[in-house]
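Asker: Please see the structure below; I have some questions.
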Amino acid sequence: MLQIQYYLRRMAAAGLIGLLLWALLYPWRRGRRQRKGLCPGPCREWALLLFYMFLSGLLLLVLTPPAGWGSSAPFQGTVNLIPVRESVRLFRFYLKNEMWTAILVNFPGNILMFMPVGFFAGLLSDRPRWWKGTLWTFTLSLFIETAQLFVCRGTDVDDLILNTLGGLLGYGCFYLLKQLSPGFVRRCAKTQKGSG
């Protein structure tokens, strides 16, 4: 559990980068909307802020070398391109050695960590579709898995599968929210017409 708390603290600290990026881009977004004669829903900027903060935390967490940027350690990870086999082997190893935190981080963690991507893909899209949210998540996960080759981490096709599943489940959460609270979703709409 300490490892999960450590990850969450690192993501929260990196969220400040997302806050700064959101603030720096706000004048540009506002000018662009005004030129198009659009007015977003009142909750949209808050949703964008949360997404920027989440995304910056996620990227810092998964693209930082295990020993930190100051280390000169060689590539430490592995490259797994065969689906499922390595995950089954790891799961058995973790179970045998009672490594419960490793099980939570590697399996449900890879799903839960990408659920917000699918959720925000639906919430921030003008025409939300399940396949768009899934594609956003797949693309982001593919970028991360590829980039991890260059930051002393491993690359695993199973992570790509679990991350994409997380995005699909995240979109499902958005769809549920849309059914239960359509007014809130409308307030986050991308292109509500208005005076500016």
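The values are calculated or read from the model by the stated rules, or taken from the named source; none is laboratory data. This is a predicted model, so every value here is computed, not measured. Virtual Cβ from ideal backbone geometry, glycine too; neighbours counted across all protein chains shown. Quick note on the areas: whole protein, heavy atoms, side chains included, nothing else; ligands and nucleic acids left out. Shrake-Rupley method; radii C 1.70, N 1.55, O 1.52, S 1.80 Å.
Asker: What distance in nm separates the two pseudo spin-label positions at LEU20 and TRP46, each 7 Å out from Cα along the beta-carbon direction?
Answerer: 2.6
Asker: Want the number for ARG187 to TRP100: 0.36 nm per residue separation, take away the alpha-carbon distance, what's left? Don't skip to the end; give the middle numbers.
Answerer: Working: separation 87, 0.36 × 87 = 31.32 nm, distance 4.08 nm.
Stretched out fully, the ARG187 to TRP100 stretch lengthens by 27.2 nm.
Asker: Something else now. Per residue, how much accessible surface does region 82-196 expose to a 1.4 Å probe? Answer in Å², no decimals. Before the final figure, lay out the partial values.
Answerer: Numbers: 6660 Å² over 115 residues.
For region 82-196, the solvent-accessible area averages 58 Å² per residue.
Asker: Relative to the longest principal Cα axis of the chain, at what angle does helix 44-63 sit, 0 to 90 degrees, rounded to 10?
Answerer: 20
Asker: Using a 1.4 angstrom probe with every protein chain in place, what is the largest-first accessible-area order of TRP130, TRP136? Before the final figure, lay out each step's value.
Answerer: Numbers: TRP130 150, TRP136 120 Å².
Per-residue accessible area, sorted high to low, gives TRP130, TRP136.
Asker: With a 10 Å cut-off between alpha carbons and a GNM built on the chain, which of LEU123, LEU20, LEU50 moves the most?
Answerer: It is LEU20.
Asker: Ignoring any ligand, DNA or RNA, what whole percent of the accessible area of the chain comes from carbon and sulfur when the probe is 1.4 angstrom?
Answerer: So the carbon and sulfur contribution to the accessible surface is 69 percent.
Asker: Can you grab the distance from the C-alpha centre of region 98-123 to the C-alpha centre of region 130-166, Å, no decimals?
Answerer: Going from one Cα centre to the other spans 12 Å.
Asker: Highest GNM mean-square fluctuation, the chain, Cα pairs closer than 10 Å: which of GLY122, GLY154, GLY15?
Answerer: So, out of GLY122, GLY154, GLY15, the one fluctuating most is GLY154.
Asker: Moving to a separate point now. Helix-only estimate, please: 222 nm mean residue ellipticity of the chain, summing -39500 (n - 2.57) across DSSP H runs of length 4 or more and dividing by its residues, to the nearest 500. Before the final figure, lay out the partial values.
Answerer: Working: 9 runs with 136 residues, N = 196.
The helix contribution divided over the chain gives -22500 deg cm²/dmol.
Asker: Determine the principal axes of the Cα atoms in the chain, then give the extent along each, sorted from largest to smallest and rounded to whole angstroms.
Answerer: 61, 39, 29
Asker: Same structure again: Label region 96-185 by shape, choosing from rounded, prolate and oblate, from the square roots a ≥ b ≥ c of the eigenvalues of the Cα gyration tensor; if a/c is under 1.5 it is rounded, and otherwise prolate applies when a/b is larger than b/c, oblate when it is not.
Answerer: Numbers: a/c = 3.32, a/b = 1.67, b/c = 1.98.
Because a/c hits 1.5 or more and a/b fails to exceed b/c, region 96-185 counts as oblate.
Asker: Explain nothing, just the number: relative contact order of region 100-164, from Cα pairs under 8 Å at least 6 residues apart, as a whole percent.
Answerer: Values: 51 pairs, mean separation 24.2, N = 65.
RCO, region 100-164: 37 percent.
Asker: Putting +1 on Lys and Arg Cβ atoms and -1 on Asp and Glu Cβ atoms, find which of PHE54, THR164, LEU8 reaches farthest to the positive end of the dipole of the chain.
Answerer: PHE54
Asker: On to the next question. Compute the long axis of helix 2-36 from its Cα atoms, compare it with the longest principal axis of the Cα atoms of the chain, and write down the angle in degrees, 0 to 90, nearest 10.
Answerer: Tilt relative to the chain: about 30 degrees.
Asker: For Cα pairs less than 8 Å apart in space and 6+ apart in sequence, what is the mean separation divided by the residue count of the chain, i.e. the relative contact order in percent?
Answerer: Working: 267 pairs, mean separation 64.6, N = 196.
RCO, the chain: 33 percent.
Asker: Using only the alpha-carbon atoms, how far is helix 157-180 inclined from the longest principal axis of the chain? Give it as 0 to 90 degrees, nearest 10.
Answerer: For 157-180 against the chain, the angle is about 30 degrees.
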